[in-house]
């Protein structure tokens, strides 16, 4: 028995040493803390604030062009156009037109009346119908009414009556029909008896008309 112990003493001691070395290595691995995982930070995207570039969108408007133009009438235009564009659409100015009396650069507005006078014609300003943002007058000469410049609603023909703001072919004919049926107008206020002419329209016409 002693011989067997003596025989395997050295190998057993070597095996024990190997075992202890392996256990020590295992303990070393368990005690070493794992390295923290690196987390990549996502780049923060900076979104610039939107800058408002909204502009007024042109809208369709109806313009009444009268006076010394080739083709007077009502024309559809857009709100970004000018009085000059409206006159060109009406065939342009006649040779007798007083172009200096009209602001050709003014922007048009809905229900605007553009009256182009003839040279030497003394007509008070033609004021467009009231619209948001102002009256928007496209006027002839700004001189005050004088004797001989008013339109006689008892004598004027259809063309003459259409020179009045807000009076088109239909209203002009209605005025003529009324005076032929009811007789001459005794006073300017009787014009309100004509179909289509109310108080607001009459207020614009009163400074421009006469019955004598």
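Key figures
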read-out: Qualifying residue in region 150-168 (condition: at pLDDT 85 or above, out of contact with any strand residue (DSSP E or B) (no Cβ under 7 Å at 6 or more places or on another chain), part of a helix (DSSP H, G or I) and surrounded by fewer than 16 Cβ atoms within 10 Å (Cβ to Cβ)); value: yes
read-out: Members of region 191-212 found to be buried (at least 16 other Cβ atoms within 10 Å of the Cβ) and either over 38 Å from the mean Cα position of the chain (by Cα) or in a loop (DSSP other than H, G, I, E, B) (or both), listed by number; value: 194, 197, 210, 211
read-out: Among the candidates 113, 65, residue that is assigned to a strand (DSSP E or B), at pLDDT 90 or above and under 28 Å from the mean Cα position of the chain (by Cα); value: 65
read-out: Single residue of 91, 120, 133 found to be at pLDDT below 85, exposed (fewer than 14 other Cβ atoms within 10 Å of the Cβ), under 28 Å from the mean Cα position of the chain (by Cα) and not assigned by TED's automatic domain parsing to the domain that holds residue 178; value: 133
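To keep it simple, each residue is scored yes or no on (1) outside any loop (DSSP other than H, G, I, E, B); (2) surrounded by fewer than 18 Cβ atoms within 10 Å (Cβ to Cβ); (3) not assigned by TED's automatic domain parsing to the domain that holds residue 64.
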| position | (1), (2), (3) |
| --- | --- |
| 77 | yes, no, no |
| 80 | no, yes, no |
| 100 | yes, yes, no |
| 103 | no, yes, no |
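The values are calculated or read from the model by the stated rules, or taken from the named source; none is laboratory data. Since we're looking at a predicted model, the values are computed, not measured. Virtual Cβ from ideal backbone geometry, glycine too; neighbours counted across all protein chains shown.
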